[in-house]
Each structure stands twice: as structure tokens, then as C-alpha cells.
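The values are calculated or read from the model by the stated rules, or taken from the named source; none is laboratory data. The structure presented is a predicted model; accordingly, all values stated were derived computationally and were not measured. A quick note on method: Cβ atoms are made from the backbone with ideal geometry, for glycine too, and the neighbour counts reach across all protein chains shown.
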Amino acid sequence: MTASEKMRSLALSRLQQAEESLDEAQFLFDGGKSLRSVINRAYYAMFYAIMALLIFEPFGSSKHTAVLSYFNLHFIKNGRIPKELGRAVNKAFDLQINFRNKRLPQASGFSCAGLSTAHEKKLALSVASAPLR
């Protein structure tokens with residue numbers, strides 16, 4: 001297997017992780033499970049999709065803050081991905097951190113918003129990563 005094929009295989013694996021996490025978020029949401037769990041799975045769907053994109057970039061960290069910083073600078077700021085989607089992933093990251101640290105947001109106005117942005121994010125990142133090498 002060539003280096004390019006290995007990169008493509010890893011990217012596809014990460015996109016599969018993203019899809020599974022998104023399915024889990026939907027399942028938890030539909031089942032009325034904890035908002036914390038829904039946010040966690042929706043955020044990880046976004047994170048794994050971003051990690052799939054970054055395989056083809058000169059970037060080598062898996063730390064969430066470093067990944068998001070690079071993504072914001074090289075994909076959002078330069079217009080490769082719409083700004084609304086960048087805001088969605090950053091909001092999901094903040095919510096996930098707040099839930100983990102027990103600083104819970106108001107439930108009203110969020111319950112569906114996080115999941116719908118995860119769907120939008122997944123679709124946008126799938127389109128952006130379509131021309132895999």
C-alpha cells in the first residue's frame with residue numbers, strides 16, 4: 001500500500017468514526033437520553049471529520065484545541081469551509097467542555113441545535129473531503 005493509499009484509508013476510517021458518532025448522537029437524542037451524551041457524540045462526529053481532513057495537511061497533533069485552532073485558521077478563516085460551520089464546531093466544543101466540567105448551559109434553545117449543526121458539519125466536511133488523493 002502506498003503512502004497516499006494509507007492516508008486515504010485513514011481518512012475514510014476517521015469519516016466512518018464520524019458517521020458512527022453522529023448515528024450515536026441521533027440515537028441518544030431520539031431516545032431522550034442525556035443532553036450531555038448527545039453533545040459529546042455530536043462534537044466527536046465533528047472532531048473525527050475534521051481529523052479526516054487534516055490527514056492531508058502538514059499538521060500532526062491530536063489535541064483538540066490544536067486541531068480546532070488549525071482548522072479555524074486553515075479552513076474557516078480562508079473560506080474553504082463556511083464560517084457558520086466553524087462557529088458550530090466551536091460551540092459544540094465549548095458545550096462539551098462545559099458539560100464535562102459541570103458548567104451546564106441552559107437547556108432551552110439548544111436541545112436540537114447542537115445535533116442539527118453536527119449534521120450540517122458532517123455534510124460540509126464530506127463535500128470538502130470528497131477529492132481525497
Taking segment 40-60 on its own, how many of its residues are among the aliphatic types (A, V, I, L, M) and in a loop (DSSP other than H, G, I, E, B)? 1
Name the pairs: first residue in segment 18-32 and free of Cβ contacts under 8 Å to residues at least 60 places away in the same chain, second residue not β-branched (Val, Ile, Thr), Cβ to Cβ under 7 Å, at least 6 apart or on different chains? Ser21/Arg41; Ser21/Tyr44; Ser21/Ala45; Ser21/Tyr48; Glu24/Arg41; Leu28/Ser37; Leu28/Arg41
Do you know which residues across segment 29-39 are more than 20 Å from Gly86 (Cβ to Cβ) and assigned to a helix (DSSP H, G or I)? Phe29, Asp30, Leu35, Arg36, Ser37, Val38
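Yes or no, residue by residue, for (1) modelled with pLDDT under 85; (2) loosely packed, with under 15 Cβ neighbours inside 10 Å; (3) of a type in the set (A, V, I, L, M):
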{"site": "Ser37", "(1), (2), (3)": "no, no, no"}
{"site": "Tyr70", "(1), (2), (3)": "no, no, no"}
{"site": "His74", "(1), (2), (3)": "no, no, no"}
{"site": "Asn78", "(1), (2), (3)": "no, yes, no"}
{"site": "Arg103", "(1), (2), (3)": "yes, yes, no"}
Looking at this structure, is Leu73 out of contact with any Leu (no Cβ under 8 Å at 6 or more places or on another chain) and touching a residue at least 12 places away in the same chain (Cβ under 8 Å)? no
If a residue has to be small (Gly, Ala, Ser) and either farther than 21 Å from Asn101 by Cβ or over 13 Å from the mean Cα position of the chain (by Cα) (or both) to count, how many in segment 22-44 make the cut? 4
